[in-house]
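Here, each number is a calculation from the coordinates, and none is a lab measurement. Bear in mind that the values here come from a model prediction, so they are computed numbers and not experimental data. So basically every Cβ, Gly included, is an ideal-geometry build from the backbone, and we count neighbours across all protein chains shown.
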Amino acid sequence: MSAMRLLILLIAVCAAGGTAFLVHQMTKRPAQTAVAPAPADEVHILAAARDIEIGVRLAPGDLRWQPWPKSAVNGQFITREGTPGALDEATGAVVRVPMIEGEPVVEAKLVRSSDGGFMAARLQPGMRALSIEISAETGAGGFILPNDRVDVILTRELADEGGRRGKAFQTETILQSVRVLAIDQNYEQVEGKQVVVGKTATLELTPVQAEATALASAAGELQLSLRSVADPNSPVETDDTSAQGGGVTLVRYGVQKQVSVGTDR
């Protein structure tokens with residue numbers, strides 16, 4: 001082999017070895033993740049962390065702080081820089097309009113307990129709020145709290161054939177498993193409070209139930225019977241035939257109509 005060919009072969013071997021060495025060194029370097037600094041032109045705004053329907057009471061985790069371009073911040077947005085405690089303060093508020101995940105939150109979309117429209121926002125669509133008088137005796141001793149389910153019982157004194165009232169009474173369950181919205185102006189149980197003895201209970205009713213309850217309150221005394229949390233929607237069973245009617249007579253536009261309201265939900 002000539003000296004020239006030997007030199008060329010030696011140079012090729014050295015080049016191949018150098019290339020292999022460089023590749024080996026590069027593969028030994030630990031991977032580095034580039035962390036981009038937060039852009040200076042961004043702020044954090046209060047936004048929905050999930051899709052939220054109308055009437056939902058906000059709980060922890062429903063909202064979040066979300067980065068937002070500073071140039072696109074509306075004056076109604078709630079920013080962490082301006083209101084750092086807004087995330088906690090929004091807990092318990094009721095959503096006035098539906099929101100989708102990532103949507104900015106503004107005060108106009110929320111109803112707080114101190115606002116005038118709080119009760120209307122708590123009502124399910126198509127439902128009505130009606131208050132009735134209660135006492136410790138007619139309100140289960142004060143153990144009925146907002147969001148409990150109750151039956152409404154009517155007790156009235158019967159008249160004899162001559163129209164005179166005697167000592168005979170009739171009792172019947174006119175409503176079953178209706179939701180208590182508030183006791184007096186307490187919308188929710190206060191931490192540490194075991195009972196709420198109030199003078200009024202606000203119930204969530206259908207329009208027919210609201211009319212029947214208003215009429216029944218004029219006919220006799222109404223009492224609330226607390227239902228177990230294990231069976232809020234199960235029907236009431238009774239062996240007393242006098243209590244099975246569960247109906248009242250409504251008058252609409254001068255026409256009388258017997259309405260059964262016991263299970264009208």
Notebook entry, point to check: If you stretched the chain out fully between V73 and T200, how much longer would it get, using 0.36 nm times the residue separation minus the C-alpha to C-alpha distance?
Noted result: 41.2 nm
Check: For all pairs of alpha-carbon atoms in segment 42-120, what percent lies in each bin of width 10 Å, listed from the first bin to the last filled one?
Finding: 20, 54, 23, 2
Check: If you take the beta carbon distance between F169 and A120 as r and set R0 to 45 Å, what does 1/(1 + (r/R0)^6) give as a FRET efficiency, to the nearest 0.05?
Finding: 0.75
Check: Ranked highest first by average number of other Cβ atoms within 10 Å, how do 203-211, 101-109, 75-83 line up?
Finding: 203-211, 101-109, 75-83
Margin query: At 0.36 nm per residue, and after removing the present C-alpha to C-alpha distance, how many nm does the segment from R80 to A59 gain when stretched out fully?
Written below: 5.7 nm
